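Following: one structure in structure tokens, then a few remarks.
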Ligand code: NAD
């Protein structure tokens with residue numbers, strides 16, 4: 001298996017779902033891992049949980065500094081994963097909702113990267129992995145704002161890969177399909193008949209089941225690892241064949 005011994009990693013939104021599975025996997029592969037989250041209580045030892053809000057620049061700068069400090073003054077891997085959802089057509093979300101979702105999903109990744117880049121520059125194995133989504137390119141119904149935010153994450157990933165390739169910093173993203181996380185659990189719980197909704201959701205997947213958080217984490221761990229030393233500016237779909245690219 002891919003090993004990450006001696007590497008220092010930071011995962012945003014690492015207290016739940018895909019981020020938590022990623023933080024746990026990076027740690028299991030030998031990395032020292034800090035988690036930035038609005039509610040870090042889900043990140044238990046050996047993960048270093050730090051409270052931070054990616055929509056607040058001062059909070060991000062303090063959180064990244066605290067994480068690097070607790071990781072022994074170094075940083076090799078940044079996983080920009082924190083994100084929030086939005087449901088509806090372009091008519092359903094008002095300006096406040098647009099500002100909020102873009103602030104967390106897009107600016108959150110830009111802010112955290114800005115705070116982390118000076119540290120990553122000093123690493124011999126620097127990698128950034130962004131959690132994007134198949135929504136970036138799939139044209140999903142009822143996801144106008146969310147899709148726009150993930151389209152921006154995809155473009156940001158490609159632009160950052162170009163900007164930092166000469167510095168030895170790789171930047172990639174993963175595009176999960178619908179993944180079995182507390183996020184999807186919350187969406188299902190809000191349905192009239194959660195069990196029927198879950199069965200219908202499974203049936204819509206080409207593999208007849210949702211992607212697991214651990215499967216997305218494995219892709220992130222690969223892109224973050226020295227095994228992917230020549231891989232930058234890519235989007236790796238982990239979607240059970242959903243998008244058919
Ligand atoms: P989740 O809700 O289970 O976990 C998200 C975590 O991010 C939570 O711990 C939350 O506290 C944290 N977070 C939210 N806003 C934050 C903020 N402002 N600052 C710091 N932390 C914050 O969700 P998940 O399903 O694991 O999603 C993680 C990422 O995966 C998101 O970027 C999401 O867009 C993406 N994604 C999810 C799916 C899916 O089907 N679950 C599919 C594609 C992409």
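The values are calculated or read from the model by the stated rules, or taken from the named source; none is laboratory data. Owing to the predicted nature of the structure, the values given are computational and were not obtained by experimental measurement. Every residue, glycine among them, receives a Cβ derived from its backbone with ideal geometry; neighbour counts consider all protein chains shown.
Scanning region 10-48 for residues being within 16 Å of the ligand (Cβ to nearest atom) and not in a loop (DSSP other than H, G, I, E, B) gives a total of 22. Output the qualifying pairs, or none if there are none: Cβ atoms under 7 angstrom, residues six or more apart or on different chains, first residue in region 134-152 and under 17 Å from residue 174 (Cα atoms), second residue surrounded by 19 or more Cβ atoms within 10 Å (Cβ to Cβ) and at pLDDT below 95. Matching pairs, first to second residue: 134/242. When 84, 77, 50 are screened for being closer than 24 Å to residue 151 by Cβ and at pLDDT 95 or above, only 84 passes.
Of all residues in region 62-100, those satisfying the criterion of being within 16 Å of the ligand (Cβ to nearest atom) and in a loop (DSSP other than H, G, I, E, B) are 81, 82, 83, 84, 85, 86, 87, 93. Scan region 148-178 for residues that are closer than 18 Å to residue 221 by Cβ and either part of a helix (DSSP H, G or I) or away from the ligand (no atom under 13 Å from the Cβ) (or both) and the total you get is 5. Taking the criterion of being on the phi > 0 side of the Ramachandran plot, within 16 Å of the ligand (Cβ to nearest atom) and either in contact with a strand residue (DSSP E or B) (Cβ under 8 Å, 6 or more places away or on another chain) or part of a helix (DSSP H, G or I) (or both), the only residue of region 199-245 that qualifies is 240. Looking across region 189-198 at every residue that is under 23 Å from residue 241 (Cα atoms) and surrounded by fewer than 16 Cβ atoms within 10 Å (Cβ to Cβ), the one that is farthest from the ligand (Cβ to nearest atom) is identified as 196.
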